[in-house]
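Some notes on the structure that comes next.
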Amino acid sequence: MSRTTSPKAVEIIKRKSIAPTFDPSMKTLMRIVKFMTEHQSEGKTQMALDTKLNYARLAKHIVWMEKKGLVKSTVKDGKVLIVLTSLVEIFQK
């Protein structure tokens, strides 16, 4: 049985829109980047568990990061695929 991301989280990422008042947590952003650099092939369920976020909150942070050019996300068959951009590698050095 395959798992897919919740419809609300997929919709947030598809629309790539978050409330203008959304203020991301720096601690959460660091956990997301750390997870993505250490576990590039893991699924979003594991990312949500390791970053201690529900899918909707994770999706909002991902959209915020995408608007800043830190990640690139796509939705394919109800699954969210996220990759770090080269901009993140510059910050890590």
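When residues of region 61-93 are filtered for being within 18 Å of K44 (Cβ to Cβ), of a type in the set (S, T, N, Q) and at pLDDT below 80, how many remain?
Qualifying residue count for the region: 1.
Given L29, L58, L49, which one is in contact with a Ser or Thr (Cβ under 8 Å, 6 or more places away or on another chain), at pLDDT 85 or above and aliphatic (A, V, I, L, M)? Steps first, answer last, please.
Details: L29 fails: in contact with a Ser or Thr (Cβ under 8 Å, 6 or more places away or on another chain); L49 fails: in contact with a Ser or Thr (Cβ under 8 Å, 6 or more places away or on another chain).
After ruling out the rest, the residue left standing is L58.
I need a count of the residues in region 22-49 that are within 20 Å of K8 (Cβ to Cβ), over 10 Å from the mean Cα position of the chain (by Cα) and not polar (S, T, N, Q). Walk me through how you get there before you give the answer.
Residues of region 22-49 within 20 Å of K8 (Cβ to Cβ): 22-25, 28, 32, 43-49.
If we keep only those that are over 10 Å from the mean Cα position of the chain (by Cα) as well, we get 22-25, 28, 43, 45-46, 49.
Checking the rest, the ones that are also not polar (S, T, N, Q) come to 22-24, 43, 49.
Result for region 22-49: 5.
Can you name the number of the only condition in (1) modelled with pLDDT under 85; (2) buried (at least 16 other Cβ atoms within 10 Å of the Cβ); (3) out of contact with any helix residue (DSSP H, G or I) (no Cβ under 7 Å at 6 or more places or on another chain) that A9 fails?
All conditions are met except number (3).
Could you go through region 35-45 and let me know if any residue there is at pLDDT 80 or above, crowded, with 17+ Cβ neighbours inside 10 Å, of a type outside the set (G, A, S) and part of a helix (DSSP H, G or I).
At the first step, the residues of region 35-45 found to be at pLDDT 80 or above are 35-38.
Next, only the ones that are crowded, with 17+ Cβ neighbours inside 10 Å stay: 35-36.
So of that shortlist, the ones also of a type outside the set (G, A, S) come out as 35-36.
Subset that is part of a helix (DSSP H, G or I): 35-36.
Yes, region 35-45 contains a residue that is at pLDDT 80 or above, crowded, with 17+ Cβ neighbours inside 10 Å, of a type outside the set (G, A, S) and part of a helix (DSSP H, G or I).
The values are calculated or read from the model by the stated rules, or taken from the named source; none is laboratory data. Computed from a predicted structure; not experimentally measured. In this analysis, Cβ positions are derived from the backbone assuming ideal geometry, glycine residues included, and neighbour counts consider all displayed protein chains.
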